[in-house]
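Heads up: the structure comes next, in structure tokens.
Derivation of every value follows stated rules applied to the coordinates shown; laboratory data play no part. Here the structure is a predicted model, which means the values were calculated and not measured. For neighbour counting, all protein chains shown are included, and Cβ atoms are generated from backbone atoms with ideal geometry for every residue, glycine included.
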Amino acid sequence: MKSNSTEESDSSSVEFEDHIDISLLPDKKHHRRKRIRDSKFVCGIWQMFGGKNAAYGVATAVLLVSVFLIVAFARPSSSYETANKNSRKNSRYEQAKNPSSLGHGKEQKGSHSLRLPRHLAPIEYLLYLHPDLTNFDFSGKVDILLLCHETSTNITLHVGTKMDYFDVAVARVEGENILETLTVTETSRLPGEMVVISLATELQKGSHYFLVMKFKSKLSRGLAGFYLSKYRASGETRYLATTHFEPTDARNAFPCFDEPNMKAKFTIVITREKRHVALANMPLNYTEGCNSDVELCTDHFQKSVEMSTYLVAFVVCDFKSITNTTSRGVQVSVWAPPEQIDQGQFALDVAVEVLEYYEQKFKVDYPLPKQDLIAIPDFSAGAMENWGLITYRLTSLLYDEGKSSDSNKQWVAVVVAHELAHQWFGNLVTMEWWNDLWLNEGFASFMENVGVRHVHPEWKMMDQFFLDKFQVAMGLDQLSNSHPIMAEVRDPAEISSLFDSISYDKGAAIIRMLEDVLGSKLFFKGLQNYLNKYKFSNAETNDLWQCLTDEVKESGVNLDVRKMMTTWTSQMGFPVINVTVRRDANGKSMLHYQQERFLVHPDTRSPSDSAYRWVIPLTYVTQQNPSERHVQLLERQAGDVLLRGVSPDATGNSWIKMNAGQSGYYRVNYDEGNWNNLKKQLNSDHTKLLGADRAGLLNDALNLARAGNLDYDLALGLTDYLSQEQEYVPWISALNGLAYFATQFSTYDMERNTQHYRIYKLYILHQIHRIASELGWEETDQDPHLKRYLRATILHLASDYEDVFPEDRPKLLENTREALRQFDGWLNGGKPIRPNLRNVVYSVGVKYADEQTWTEVFRRFQAEKVATEKRKLMYALTSSRNPGILKRLLRYSLDPGKIRSQDSVAVINSIAHNPEGRIMAWEFVQQNYDLLFKRYGTGSFEFSRLIKATTAHFNTEKKLEDVKSFFENKDTGSGKLAVLQSLESIKANIKWLKAYRHTVVAWLQDFVSSHVHLPINNPHHPVHVTSLDERYKYGRP
């Protein structure tokens, strides 16, 4: 660490003089050369600003020494070639409607590209920042070293529209100790948050330049860019400044080349108050100031590796930390508010173990000396993978053993593993452009399960993979308004819209499918080659496929990975394989197959859908040998293949289960005989089929029936056996498939005063009665992880749905009574509730609560210090049946003093899932659309969720017209595709009710009549199943 006295001594003796060697001066005006004596080259930068700020001195000198080394030893075609190669995409922005002009720049009209020009490439940034947590603003200066690839007279980079920039200077680096300053003639703003700096003379190809800019802005009150967060401690409000840059918000913190393939090294210097601590991507190098007479300190951080701007991060706060070290010496720390740091130990333990596991798995060492994980009180996403400084929502990092559930614990482990996977997939190797976002998110979403499986094998993470990834992705991808994994970006808001289940969950699903085909060893060997080849650089999807293809060929396997996987990344949707088993003329068992794009709403099919074709790794098991798995690659639209493992005598009399283990991203529709054979197996001994296979059968059948591809009598008949089911994954799969009935019937009944939803509830209550009784309300420490999950789900359904029973039948209300008993004990007697059952108890208690009780629960919600407990109470508050209370909560949702902005959308969405709040939630969005759009509409995936949650369930022509007309003249930003998806869903809901309502209700009524001895027409007001999680309707305590 360099002492403060040394710094002052150096800066006090700075001198410079003009170079007098006339022969070296070009014969051009606007050029001015300066030679700086010895190491005082730093004066060239100071001269641009007319000052000698000591805080900037040493760091600038270090940067300039690096420049000399770069100029002396590097060629433009070598180390910069990969990191700064020209864009391979031709996407365009639509011109912004209201571009603003700030600083010295004036707006420049005309069309322009979405991408920055490539005549200049950033090599290194020296970034100075001073966030003021008293006035809630920040100022700074950035020195950017540039390499010129093509001659030009301007520099174009990104500067946020709310940022004021000034004192722009440009200088050419001619050699050791020589700078040639260039005259800036004009700066102009372009739409797309770009600034053009015009120069009087040309930038020369192969030369290095310095761009220096000062800037200032307000700390954002949103959740992106460089923004303000706050929390309460010891009765006072405390503030922190933090960042979230992905995808395009680094430009709102400092002027930069804000594109993922314009990588550079970063040296960050932060001035802060003495009572705070500053964190950045790299470890602290040294601090100056901070003596008793100075209130401000300046922290100088080590230079980073080459990385993209969206991964830069810095935080100024008063947090505390706990630390551990990996076996290779990487320092891992968890940071949190002082009163909550004790909740960080679990995340720290997981992080150390997963980081070491990934190094071993990828055969590439984590390249930084430290990894910080910090809990941010206000945070839009679950976490952000900033290299060396990962930022988290509190619930994604902190775990309190006394109040957090097993679900909360798993979520922390999953998010930690996800973000650490990004340190390789996204940070070390970054997608070339946002159309390949899935290379980041798909792999992180796949590895999160792999990483947590390593730490907690008893959690059966790969069993959960089918629910968490395959089903979630298919639910979106079976719409005609889905999008391919590799999606072109034509508008700035579309970048944010790519952060959806397709990039994350479908990406993970097809990776899982490929691993299953290649085998884990070969698959990871290919990934190791990919990471080593493109580390510290950028890659496209085809680069990945080529690395895997090369590895496969080297192993002697005849498979073109690129050819196969391109069919899954370049096309939207997924196939359904229609199969028929029969004997050929020689008596051999043959499988006839025909593939087509599966659309859950078949009326949306277009002629182009018939051209869809995938290379499908079809797997199957047979009744004769259910443990022997067979694989067949299907490359044609239709054809016949020989079935192995099936004796000719058994053809037609035994079952075959395709997509064995549910590792393939496709659905299967069998001939009627095979469906019936599978149904018989489920009813006689369902354990002959793996839990994943049972889950897949139920999910496929219910969705095929919904699409009109399978009779509902057959699909619902497969659920007959459910009362015998004991496993978590099949149960959740079934409930997720059946949930469509709950949504449609509850909405339908509200407007028509029918009893469809009540009949559905009675059906569910019968099916879960046995498992609910066996699980009971008593939890033991020996209960397996997924058994605890299942108990919470089943008891929640039972407690909620028992409102269909008459009040004079108390034995039928046993779960509701138990939930209310525990709620009363907690509310009035201070009796603790087991963490895994709190969602159930809180929800049921609030459902039946009066306004006074609801107000007390809300007070406890606001006062709660444990983030996971606070979130449980928040969701429970949306369970009320009182319309006045729900309207009150909707108003609170936009009041940051009552509900944090990060939670506003979640509250509105949860109220929309409550039939009592369904209409009012949509009306609330309409009334407050401008504010909601301002907060979330242009850079947040939350906006898409909001649109779909408040509209997609509607099923009347009136509501269809209402939603359509409302959005016709609205700017929908990142929710553009969500609007199309909602309109598609509403139209399909209307058609489904007309086509299948009577069939389904008749089947359910027959079932209830024969199993439940209660009057069907007993009037009772239907209520809702409270959403337990933002992503899943069922399955998380």
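Against the set (i) 103, 75, 57; (ii) 156, 75, 68; (iii) 105, 85, 67, the structure's computed Cα extents along the principal axes in Å falls on (i). If you count the DSSP beta bridges with both ends in the chain, what percent of them are antiparallel, to the nearest 5? About 80 percent, rounded to the nearest 5. Ordering Leu559, Ala585, Leu531 by the projection of their Cα atoms onto the charge dipole of the range 528-593, which places +1 on the Cβ of Lys and Arg and -1 on the Cβ of Asp and Glu, puts Ala585 at the extreme positive end.
Calculate how steeply helix 901-913 sits against the longest principal axis of the alpha-carbon atoms of the chain, using the helix alpha-carbon long axis, and give the answer as 0 to 90 degrees to the nearest 10. So the helix axis and the longest Cα principal axis differ by about 20 degrees.
Between Gln852 and Asn683, how high is the FRET efficiency from 1/(1 + (r/R0)^6) when r is the Cβ-Cβ distance and R₀ = 60 Å? Nearest 0.05. Before the final figure, lay out each step's value.
Values: r = 50 Å, r/R0 = 0.83.
The computed FRET efficiency comes out at 0.75.
On a 32 Å Cα-Cα criterion, which of the cross-link pairs Lys506/Lys964; Lys506/Lys588; Lys403/Lys535; Lys872/Lys934; Lys216/Lys506; Lys403/Lys469 come out too long? Violating the 32 Å Cα-Cα cut-off are Lys506/Lys588; Lys403/Lys535; Lys216/Lys506. Straight Cα distances below 14 angstrom link Lys521 to the aspartates and glutamates Glu551, Glu554, with same-chain residues fewer than 8 positions distant left out. Between the helical axis of 406-422 and the longest alpha-carbon principal axis of the chain there is an angle of about 40 degrees. Relative to the Cα centre, the charge distribution of the range 439-482, modelled as +1 at Lys and Arg Cβ and -1 at Asp and Glu Cβ, gives a dipole magnitude of about 60 debye.
Straight-line cross-link partners of Lys263 among the aspartates and glutamates, defined as a Cα under 12 Å from its Cα and at least 8 positions apart when in the same chain: Glu81, Glu124, Glu306, Glu432.
With θ taken as phi - 60° and the Karplus curve 6.51 cos²θ - 1.76 cosθ + 1.60 applied, the whole-hertz 3J(HN,Hα) list for the range 337-348 is x, x, 6, 10, 5, 5, 8, x, 5, 4, 4, 5 Hz, x standing for glycine and proline. Under 5 Å between amide hydrogens, built in the peptide plane, is the criterion, and for Asn281 it picks out Ala313 among residues at least 5 positions away or on other chains.
Backbone geometry of the range 471-480 corresponds, through the Karplus equation with coefficients 6.51, -1.76 and 1.60 at θ = phi - 60°, to 3J(HN,Hα) couplings of 5, 5, 5, 5, x, 8, 6, 8, 8, 5 Hz, x marking Gly and Pro.
Ordering Leu702, Ala734, Met658 by the projection of their Cα atoms onto the charge dipole of the range 630-755, which places +1 on the Cβ of Lys and Arg and -1 on the Cβ of Asp and Glu, puts Met658 at the extreme positive end.
When the listed pairs Lys959/Lys994; Lys361/Lys533; Lys162/Lys948 are checked against a 19 Å cut-off, the alpha-carbon distance exceeds it for Lys162/Lys948.
What the phi angles of the range 153-162 give under the Karplus curve with 6.51, -1.76 and 1.60, with θ = phi - 60°, is a coupling list of 10, 8, 10, 10, 8, 9, 9, x, 5, 9 Hz, glycine and proline written as x. The charge dipole of the range 185-316, taken about its Cα centre with unit charges on the Cβ atoms of Lys, Arg (+1), Asp and Glu (-1) only, comes to about 300 debye. Thr687 sits among other residues whose Cβ lies under 12 Å from its own Cβ, and their net charge, with Lys and Arg +1 and Asp and Glu -1, is -2. Straight-distance candidates among the aspartates and glutamates for linking to Lys679, with alpha-carbon spacing under 12 Å and chain neighbours fewer than 8 residues away dropped: Asp713, Asp720.
State, as an integer percentage, the relative contact order of the chain based on alpha-carbon contacts under 8 Å between residues 6 or more apart.
Reported relative contact order: 8 percent.
Which value, in debye to the nearest 20, describes the size of the charge dipole of the chain about its Cα centre when Lys and Arg Cβ atoms bear +1, Asp and Glu Cβ atoms bear -1, and nothing else is charged?
That gives the chain a dipole magnitude of about 1120 debye.
What 222 nm value per residue comes from the helices of the chain, counting each DSSP H run with n ≥ 4 as -39,500 (n - 2.57) and dividing by all residues, nearest 500 deg cm²/dmol? The per-residue figure over the chain is -12500 deg cm²/dmol.
For GluC sites (Glu not before Pro), the sites in the range 449-550 that DSSP calls loop and that have at most 15 other Cβ atoms within 10 Å are Glu488. Residues whose amide H comes within less than 5 Å of that of Leu389, counting only those at least five positions distant or on another chain, are Asp372 (H built at 1.01 Å from N in the peptide plane).
Under a 5 Å amide H cut-off, with hydrogens placed 1.01 Å from N, Asp378 pairs with Lys230 among residues at least 5 apart or on other chains. Taking the longest Cα principal axis of the chain as reference, the axis of helix 851-863 is set at about 40 degrees. Working ranking of peptides 779-787, 910-918 by packing, defined as the average number of other Cβ atoms within 10 Å per residue, highest first, is 910-918, 779-787.
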